[in-house]
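These notes are about the structure you will find just below.
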Amino acid sequence: MLLRKILGIGQPPPAATRSARLVEAIRARLGSLPGPRAEFVAAFAGLLVRVAHADLEVSDAERATLRTLIRDHVGLNDAEADAVATITTEQAIGLVGIDYAALTQAFNEHGTVAEKENLIDCLYAVAASGDSVSVVEDEEVRNVARALGLSHDQVITIRSRYKEQLAVIQALRQQRTS
């Protein structure tokens, strides 16, 4: 075991390398994306995947929502959005992993308050794509919002748009009817 660790076999790359790999993979695929824009796209897509993968899988509905949100909110065409969603999802569920803290930091550096609020709305949209926002997904969205420096009121305002999909609320309603 020690020899494997010394040789780096089976060890995930350092966090900085993981986030840089994601940005570089996106830049390589999209070609003309300048550095800061590639970082923003990687951060946006990576944080969407963070919520999609919160339950340790990414459903087909979540993948479709990822593509649409990346296309519509980052300004990529269908092929580019598909490529970014695929690259990000593969890195998140693969052995390489994604350094979400670095992506959050990049989004903080490049995103405005409006873009941060938009991201939180998109995170809830990804979580709701399966008709229910699980407690785990809801907590991941809240973690991202805290890391982005958004207030509780800002998050609650956005979250209220998804109240019908919140698993907690659905369970309470079902319990009342039983």
Evaluate the following for residue 92: is it surrounded by 13 or more Cβ atoms within 10 Å (Cβ to Cβ), of a type in the set (Gly, Ala, Ser), under 23 Å from residue 36 (Cβ atoms) and at pLDDT below 95? yes
Listed residues 144, 58; which is assigned to a loop (DSSP other than H, G, I, E, B) and β-branched (Val, Ile, Thr)? 58
Where residue 163 falls short, out of the listed (1) part of a helix (DSSP H, G or I); (2) charged (D, E, K, R); (3) within 23 Å of residue 63 (Cβ to Cβ): (3)
So which residues in the stretch 34-60 are free of Cβ contacts under 8 Å to residues at least 12 places away in the same chain and buried (at least 21 other Cβ atoms within 10 Å of the Cβ), if there are any at all? none
Hey, residue 81 without any contact (Cβ under 8 Å) to a residue 40 or more places away in the chain, surrounded by 21 or more Cβ atoms within 10 Å (Cβ to Cβ), touching a Lys or Arg at 6+ places or on another chain (Cβ under 6 Å) and of a type outside the set (Asp, Glu) or not: yes
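Here's the yes/no breakdown for (1) out of contact with any Asp or Glu (no Cβ under 7 Å at 6 or more places or on another chain); (2) within 18 Å of residue 68 (Cβ to Cβ); (3) free of Cβ contacts under 8 Å to residues at least 40 places away in the same chain:
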residue: 112; (1), (2), (3): yes, no, yes
residue: 127; (1), (2), (3): no, yes, no
residue: 130; (1), (2), (3): no, yes, no
residue: 136; (1), (2), (3): no, no, no
residue: 140; (1), (2), (3): yes, no, no
The lone condition residue 101 fails out of (1) farther than 20 Å from residue 22 by Cα; (2) loosely packed, with under 14 Cβ neighbours inside 10 Å; (3) not hydroxyl-bearing (Ser, Thr, Tyr) is (1)
I'm checking my understanding of the structure. Among residues of the stretch 71-92 that are acidic (Asp, Glu) and over 21 Å from residue 120 (Cα atoms), which one is nearest to the chain's Cα centre (by Cα)? 90
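The values are calculated or read from the model by the stated rules, or taken from the named source; none is laboratory data. For clarity, every value in this text was computed on a predicted model and none was experimentally measured. Here the Cβ is made from the backbone with ideal geometry for all residues, glycine too, and neighbour counts use every protein chain on show.
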